[in-house]
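Below is one structure; the comments refer to it alone.
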Amino acid sequence: MNANKKIDNDHIGFALLTMFLVLFTHAIAFLLHEYSHSFLAWILGFKANPLALDYGPPTFKNIILLSDVEENVDYKQIIASGNGIWGGIIALAGAGVGNGLLYFLCYGLTKLKRVQSSRGAITFLYWLSLMGAANLLSYAPLRVITDHGDMAIAARCFGISTWLLLPFVTAGTFYVMYHFFFKMFPLNYQQVAANSSLKLVFVIAMTSYWYFGFFGSDGTTFIPIISKYFFIPFSAMFLASRYLKLTEKLEEQQV
């Protein structure tokens, strides 16, 4: 009885720690996205203070998810000054540097032998990489065909249609998605789940929800519906079928 209680407490503690890490790494990735806009604008001379984001009101939602934080870059002024191309690059820097580059940096770090020996480091980098990779989905293709947001601003700065921008940014999103599920997850799932089947179930559930539920729910087209009601269960089933050996465990228990 004590052993079962110990196992239960261990699983609960793992779940709570994972949820904290998810929120913590989300905040890091979110701020890196916004600071990527801001610092590039500062480097190019279009902003006086790179740390001067619009942090929004101190509401519970904004404190937990930073939902009202914005880069505070004056794109209209950049376009009016005849530097629209630079404005477009600044607009894409959030996704390109703050999310895409972040993802591949995390992946590269997880392959280092020194990092692989630390389950804590691998776990942190895994969730941070997910926040970088999945955040790309919330921009392309979900929020490209709009009249606001980073993708619309980039298209406006470049003087092109968002429809022309769509295939290029979407291709990047889908490549990173492929890389995460076929490279990042297989490389690190055992350490992240502490070699426990039950913990792996929780990791798969959190991974599928945050990738396709949290980040995949933006936009007004049919794509968010597919993301939430198809890709969440499909990705969970895919990961479980590959890495969760439930049948073998049940057979061992029956023997």
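The values are calculated or read from the model by the stated rules, or taken from the named source; none is laboratory data. On a predicted model such as this, the values are computed, not experimentally measured, just so you know. Cβ coordinates were reconstructed from backbone atoms using ideal geometry, including for glycine residues, and neighbour counts include every protein chain displayed. Surface accessibility is based on the protein's heavy atoms, side chains included, excluding ligands, DNA and RNA. Shrake-Rupley method; radii C 1.70, N 1.55, O 1.52, S 1.80 Å.
List the pairs whose first member sits in the stretch 68-84 and is closer than 30 Å to Pro58 by Cβ, whose second member is surrounded by 12 or more Cβ atoms within 10 Å (Cβ to Cβ) and among the polar types (S, T, N, Q), and whose Cβ atoms are under 8 Å apart, counting only residues at least 6 apart or on separate chains?
Going by the 8 Å Cβ cut-off, the qualifying pairs are Asp68/Asn62; Val69/Asn62; Glu71/Ser38; Asn72/Ser38; Val73/Ser38.
Could you tell me whether any residue of the stretch 76-96 is surrounded by 14 or more Cβ atoms within 10 Å (Cβ to Cβ), closer than 30 Å to Phe202 by Cα and touching a His at 6+ places or on another chain (Cβ under 8 Å)?
The answer is yes, given that some residue of the stretch 76-96 is surrounded by 14 or more Cβ atoms within 10 Å (Cβ to Cβ), closer than 30 Å to Phe202 by Cα and touching a His at 6+ places or on another chain (Cβ under 8 Å).
Provide a single number: the residues in the stretch 27-52 that are without any contact (Cβ under 8 Å) to a residue 60 or more places away in the chain and among the polar types (S, T, N, Q).
Count: 2.
Taking the stretch 199-231 only, how many residues are open to solvent by 40 Å² or more (accessible area, probe 1.4 Å), among the hydrophobic types (A, V, I, L, M, F, W, C) and part of a helix (DSSP H, G or I)?
9
Answer yes or no: is there a residue in the stretch 101-116 that is within 24 Å of Leu66 (Cα to Cα) and in contact with a Cys (Cβ under 7 Å, 6 or more places away or on another chain).
no
Being in a helix (DSSP H, G or I), of a type outside the set (A, V, I, L, M) and surrounded by fewer than 16 Cβ atoms within 10 Å (Cβ to Cβ) is the filter here; which residues of the stretch 14-68 pass it?
If the condition is that a residue be in a helix (DSSP H, G or I), of a type outside the set (A, V, I, L, M) and surrounded by fewer than 16 Cβ atoms within 10 Å (Cβ to Cβ), then Phe20, Phe24, Phe60, Lys61, Asn62 are the ones that fit.
Residues of the stretch 132-169 being in a loop (DSSP other than H, G, I, E, B), among the hydrophobic types (A, V, I, L, M, F, W, C) and buried (at least 18 other Cβ atoms within 10 Å of the Cβ), which ones?
Across the stretch 132-169, the qualifying residues are Ala140, Leu142, Val144, Ile145.
Test Gly172 against the criterion of being surrounded by fewer than 23 Cβ atoms within 10 Å (Cβ to Cβ), within 27 Å of Phe24 (Cα to Cα) and free of Cβ contacts under 8 Å to residues at least 24 places away in the same chain, and give yes or no.
no
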